[in-house]
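Engineer: Once you've had a glance at the structure underneath, I'll fire off some questions.
Bear in mind these aren't lab numbers, they're just calculated from the coordinates by the rules spelled out. Only a predicted model underlies this, so the values are computations on that prediction, with no experimental measurement involved. Here Cβ is always computed from backbone atoms with ideal geometry, including for glycine, and neighbour counts include all displayed protein chains.
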Amino acid sequence: MTGHFPPPPARGCSDTPVLKERGQHEVFCGLTGIIWLHRKMQDAFFLVVGSRTCAHLLQSAAGVMIFAEPRFATAILEETDLAGMADAQEELDRVVTQLLERRPDIRQLFLVGSCPSEVIKLDLGRAAERMSAQFAPRVRVLNYSGSGIETTFTQGEDACLAAMVPVLPDTDSRELLLVGALPDVVEQQALDLLEAMGIGPVRVLPAQSVEDDYGIGPNTVFALTQPFLSDTHAALTRRGARHIAAPFPFGEEGTTAWLSAVAAEFDVPQDLFESVTAAPRARARKAVSQASEGLRDRSVFFFPDSQLEIPLARFLTRECGMAAVEVGVPFLHRAIMSPDLDLLAEGPTLAEGQDVDKQLARCRAARPDLTVCGLGLANPLEAEGMATKWAIELVFTPVHFYEQAGDLAGLFSRPLRRRGLLKLEAA
Ligand code: SF4
């Protein structure tokens, strides 16, 4: 792979000792993923089996959206259910039957577990099996947990995709599977680049519709587009599929390295690879260099939140000239993260899990120029005069592949620019 980036560091972070923390953590729960997953899967419905809190979270995460026919809802567990006084399974059957009678457009139904349904040990797996048998072949019923107990918000997507893998049919065909929910326009950019290199057939998980189902088998190779898909990685591996390990497609370097790993798997000639990627690479380089003005030599501190922290630290340090002070991740999955860790020069503290008070103390002592964290921590840190970036925006904004590389750098430079302007006004 050719490039204008610094050579890979002599010592990356792969062998860096990891500071493991367990304590109070401040993150959204996995129900959040429903907001982007329901847009992606056009014939799916997400029925959260939870409390009023879960319904409120979904409503506020979705913003003020009015759907003629919404594709997610919450079946509220009332106090009688929680006290075990009512048969929640019977009640769930009734709600689902009503829903499916009213909505013939639903082809996949996800029963999504929550903290309350886990606390009362409501067996949604059994419910999904029973309902699948009842409503097959028109509707496929699956279940996963979006509970906020010991999880982080991107794990909702991971759990959802992992639940879909076992029901896909078997195949011996050699196919490439792209794994991870991307905005349609970004997904299409990736598919166009792969097609231009002659790579195919390419499938996508999650597919738009159950009609697009494909098989999985020993000749399936898969590339992850999101770094938080460790359970899906395990589920695909169990089906015999093979992971193409690569840095994640953030920034020009990450995108080129990701494409290059896929191209090598499919024996794409180097000159074809260069000709397909040259123009978008040049555009990405220019956009990143413009958007990252103001980031050079600034320091960044990541609280664990989205699971995107390691690839983003690699992007910010290698393409935008920032220095990482601490890179916190909720969970460190080495089979997925190694290629990015190899490129991240040693220096930052690597932390897994969270003890929020201790981490806040380290952050305050370091006074980084930019702190990437969840909403709950951003406000107090801003009040203390520190610039912050909300991690959740990185998941809701299109940031993958070449054409979004400049926007990705811009997401980090904007808070610094805004703070600079505020200081000027105050002077
Ligand atoms: Fe809250 Fe748990 Fe419901 Fe998420 S699943 S909204 S953390 S109660």
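Engineer: How fast does segment 120-252 diffuse by Stokes-Einstein, in µm²/s, taking the Kirkwood radius from C-alpha pairs at 25 °C and 0.890 mPa s?
Structural biologist: Values: Rh = 16.0 Å.
It diffuses with D of about 153 µm²/s by this estimate.
Engineer: Sticking with this one: Work out, step by step, the length gained on full extension between Arg39 and Ala245: first 0.36 nm times the residue separation, then minus their alpha carbon distance; give nm to one decimal.
Structural biologist: On the way: separation 206, 0.36 × 206 = 74.16 nm, distance 2.77 nm.
Value of the extension gain: 71.4 nm.
Engineer: For segment 123-183, report the convex hull volume of the alpha-carbon atoms normalised per residue, in Å³, without decimals.
Structural biologist: 130 Å³
Engineer: Further, regarding this structure: For segment 184-330, what does the alpha-carbon gyration tensor say about shape, rounded, prolate or oblate, given a ≥ b ≥ c as the root eigenvalues, a/c under 1.5 as rounded, and a/b over b/c as prolate? Intermediate results must be reported in sequence, preceding the final value.
Structural biologist: Details: a/c = 2.21, a/b = 1.35, b/c = 1.63.
Cα axes put segment 184-330 in the oblate bin.
Engineer: On to the next question. Under the √(5λ) rule applied to the eigenvalues of the Cα gyration tensor, what semi-axes describe the equivalent ellipsoid of the chain? Give them in Å, descending. Working shown, then result.
Structural biologist: Working: eigenvalues 260, 162, 69 Å².
Semi-axes from the Cα gyration tensor: 36, 28, 19 Å.
Engineer: May I ask for the distance between the Cα centers of segment 104-177 and segment 338-416, given as a whole number of Å?
Structural biologist: Here the answer is 31 Å between Cα centres.
Engineer: Moving on. With Cβ to Cβ distances under 15 Å as the rule, what net charge do the other residues near Asp158 carry (K, R +1; D, E -1)?
Structural biologist: Numbers: positive: Lys40, Arg238; negative: Glu150, Glu157, Asp231, Asp305.
Result for the neighbourhood of Asp158: -2.
Engineer: What is the Å³ per residue value for the convex hull set by the Cα atoms of segment 4-59?
Structural biologist: Numbers: hull volume 11.7 nm³, N = 56.
Expressed per residue, the convex hull around the Cα atoms of segment 4-59 is 208 Å³.
Engineer: Given +1 on the Cβ of Lys and Arg, -1 on the Cβ of Asp and Glu, and no further charges, what dipole in debye does segment 121-244 carry about its Cα centre, rounded to the nearest 20?
Structural biologist: Values: 10 positive and 16 negative charges, 97 e Å.
It works out to roughly 460 debye.
Engineer: Antiparallel as a % of all DSSP beta bridges within the chain, to the nearest 5? Working shown, then result.
Structural biologist: Values: 2 of 50 bridges.
Bridges in the chain that DSSP calls antiparallel: roughly 5 percent.
Engineer: Would you look at the GNM of the chain, springs on alpha carbons closer than 10 Å, and say which of His233, His243, His56 moves the most?
Structural biologist: Of His233, His243, His56, the Gaussian network model singles out His56 as fluctuating most.
Engineer: In degrees from 0 to 90, rounded to the nearest 10, what is the angle of the helix 309-318 Cα long axis to the longest principal axis of the chain?
Structural biologist: Helix 309-318 sits roughly 20 degrees off the main axis of the chain.
Engineer: With everything on Cα atoms, drop me the angle between helix 334-343 and the longest principal axis of the chain, reported from 0 to 90° to the nearest 10.
Structural biologist: 20 degrees
Engineer: Quick one: helix 270-291 against the long Cα principal axis of the chain, what's the angle to the nearest 10°, folded into 0 to 90?
Structural biologist: Taking Cα atoms only, the helix is inclined about 80 degrees.
Engineer: Residue farthest toward the positive end of the dipole of the chain, with Cβ of Lys/Arg at +1 and Asp/Glu at -1: which of Ser338, Gly420, Trp36?
Structural biologist: Of the options given, the answer is Gly420.
Engineer: With only alpha-carbon atoms counted, please give the Rg and Dmax of segment 226-308, in Å.
Structural biologist: When restricted to the Cα atoms of segment 226-308, Rg and Dmax are 16.3, 46 Å.
Engineer: With springs only between Cα atoms under 10 Å, which of Ala55, Ala136, Ala73 fluctuates most in a Gaussian network model of the chain?
Structural biologist: Taking springs between Cα atoms under 10 Å, the residue moving most is Ala136.
Engineer: With +1 on the Cβ of every Lys and Arg and -1 on the Cβ of every Asp and Glu, and nothing else charged, how large is the dipole of segment 171-250 about its Cα centre, in debye rounded to the nearest 20?
Structural biologist: Numbers: 5 positive and 10 negative charges, 88 e Å.
With Lys and Arg at +1 and Asp and Glu at -1, about 420 debye.
Engineer: I've got another one for you. Given the Cα-Cα distance of Asp105 and Arg414 and 0.36 nm per residue of separation, how much length would full extension add, in nm? Mind dumping the intermediate values first?
Structural biologist: On the way: separation 309, 0.36 × 309 = 111.24 nm, distance 4.18 nm.
Between Asp105 and Arg414, full extension yields an extra 107.1 nm.
Engineer: Search the structure for amide H atoms under 5 Å from the amide H of Ala75, placed 1.01 Å from N in the peptide plane, and list their residues when 5 or more places away or on another chain.
Structural biologist: Here the answer is Val48, Val49, Gly50, since their amide H atoms fall under 5 Å of that of Ala75.
Engineer: Could I ask something else about it? Taking the beta-carbon count within 10 Å as an exposure proxy, list Thr16, Thr397 from fewest neighbours to most.
Structural biologist: Details: Thr16 16, Thr397 13.
Neighbour counts put them in this order, fewest first: Thr397, Thr16.
Engineer: Given springs between every Cα pair under 10 Å in a Gaussian network model of the chain, which of Leu316, Leu99, Leu194 has the largest fluctuation?
Structural biologist: Leu99
Engineer: Please report how far the C-alpha centroid of segment 199-218 lies from that of segment 244-306, rounded to the nearest whole angstrom.
Structural biologist: 25 Å
Engineer: Oh, and also: With only Lys, Arg, Asp and Glu charged, each at its Cβ (+1 for the first two, -1 for the last two), find how big the charge dipole of the chain is about the Cα centre; round to the nearest 20 debye. It would help to have the intermediate numbers written out before the result.
Structural biologist: On the way: 40 positive and 56 negative charges, 167 e Å.
Its charge dipole is roughly 800 debye.
Engineer: Taking θ as phi - 60°, what are the ³J(HN,Hα) couplings along segment 141-148 by the Karplus curve (6.51, -1.76, 1.60), each to the nearest whole Hz, with x for Gly and Pro?
Structural biologist: Coupling constants for segment 141-148: 10, 10, 9, 7, 9, x, 4, x Hz.
Engineer: Set the Förster radius R0 to 60 Å, insert the Cβ-Cβ distance between Gln59 and Asp267 as r into 1/(1 + (r/R0)^6), and round the FRET efficiency to 0.05. Mind dumping the intermediate values first?
Structural biologist: Working: r = 49 Å, r/R0 = 0.82.
Result of the calculation: an efficiency of 0.75.
Engineer: What length, rounded to one decimal in nm, is gained on full extension from Lys423 through to Ile120, with 0.36 nm per residue of separation minus their alpha-carbon distance?
Structural biologist: Using 0.36 nm per residue and subtracting the Cα-Cα distance, I get 103.9 nm.
Engineer: At 222 nm, what value in deg cm²/dmol follows for the chain if DSSP H runs of at least 4 each add -39500 (n - 2.57) and the sum is divided by all its residues, to the nearest 500? Let's see the in-between values first.
Structural biologist: Working: 17 runs with 191 residues, N = 427.
Taken over the chain, the calculation gives -13500 deg cm²/dmol.
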